[in-house]
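What follows is one structure encoded as structure tokens, with my remarks underneath.
The values are calculated or read from the model by the stated rules, or taken from the named source; none is laboratory data. Model, not experiment: these values are computed from the prediction. Using ideal geometry, Cβ is built from the backbone for each residue, glycine included, and neighbour counts are taken over all protein chains shown. To get the accessible areas, we keep the full protein, side chains included, count just its heavy atoms, and leave off ligands, DNA and RNA. Shrake-Rupley method; radii C 1.70, N 1.55, O 1.52, S 1.80 Å.
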Amino acid sequence: QVQLVESGGGLVQAGGSLRLSCAASGITFSMYSMAWFRQAPGKEREFVAAVGLSGSTDYADSVKGRFTISRDNVKKQVYLQMDNLKPEDTAVYSCAGRRIMAVRDSASVDYWGQGTQVTVSS
């Protein structure tokens, strides 16, 4: 049974930082590209960041320079370090995995986590 379990969300003031974690089980983690997506109330789900099998990274323009994605294949976890948070970053953040191929489009995701709420107050 595949599970992606996120943690680390919460309430933070604008300018603050949070670190999200996603623990994977039931998959050969090293064979999956991993990504973070987010969905704000009343908005469509959007791509945030991805990390490939080799550790290459990809970011949405809106978070570039503020967020950092990383992975630990031994611990089977992917992380999202979020710095200089803004109120517009408020959303449910979900971890996602896709076997082998790069992931940027939510339609191409093989597995999803349940999500963790991030709220940034002004």
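Within the chain, what is the number of lysine pairs with alpha carbons under 28 Å apart, leaving out pairs fewer than eight places apart on the same chain?
Working: 43/64; 43/86; 64/75; 64/76; 64/86.
Step by step, the pairs that qualify in the chain add up to 5.
Quick one: dipole size for the chain, taken about the Cα centre, charges +1 on Lys/Arg Cβ and -1 on Asp/Glu Cβ, in debye to the nearest 20.
Values: 13 positive and 11 negative charges, 43 e Å.
With Lys and Arg at +1 and Asp and Glu at -1, about 200 debye.
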- [ ] Enter the Cα centre distance for the pair the range 26-49 and the range 103-119, rounded to the nearest angstrom.
- [x] 3 Å
Task: At most 12 other Cβ within 10 Å, DSSP loop - GluC sites (Glu not before Pro), the range 37-122 - done: 44
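For the chain, what is the relative contact order in percent, using Cα pairs closer than 8 Å and at least 6 residues apart in sequence?
On the way: 308 pairs, mean separation 43.4, N = 122.
RCO, the chain: 36 percent.
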- [ ] Could you pull the accessible area for residue 90 with a 1.4 Å probe, rounded to 10 Å²?
- [x] 40 Å²
TODO: For residue 40, put the label point 7 Å out on the Cα→Cβ axis and report which residues of the range 48-76 keep their amide N under 15 Å from it.
DONE: 48, 60-64
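State the three equivalent ellipsoid semi-axes of the chain, derived from the C-alpha gyration tensor as the square roots of 5 times its eigenvalues, in descending order and whole Å.
Details: eigenvalues 102, 37, 37 Å².
Equivalent-ellipsoid dimensions as semi-axes: 23, 14, 14 Å.
Multiply the residue separation of residue 107 and residue 119 by 0.36 nm, subtract the distance between their alpha-carbon atoms, and state the gained length in nm to one decimal. Let's see the in-between values first.
Numbers: separation 12, 0.36 × 12 = 4.32 nm, distance 2.55 nm.
The residue 107-residue 119 span can extend by a further 1.8 nm.
Round to a whole number: what % of the accessible area of the range 12-88 belongs to carbon and sulfur, probe 1.4 Å?
On the way: 1730 of 3820 Å².
For the range 12-88, the apolar C and S fraction of the accessible surface comes to 45 percent.
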Task: Cα lying deepest toward the dipole's positive end in the chain, options 121, 23, 92, charges on Cβ - done: 23
- [ ] Pull up all non-local amide H partners of residue 58: gap of 5 or more, or a different chain, and H-to-H distance under 5 Å with H placed in the peptide plane.
- [x] 50
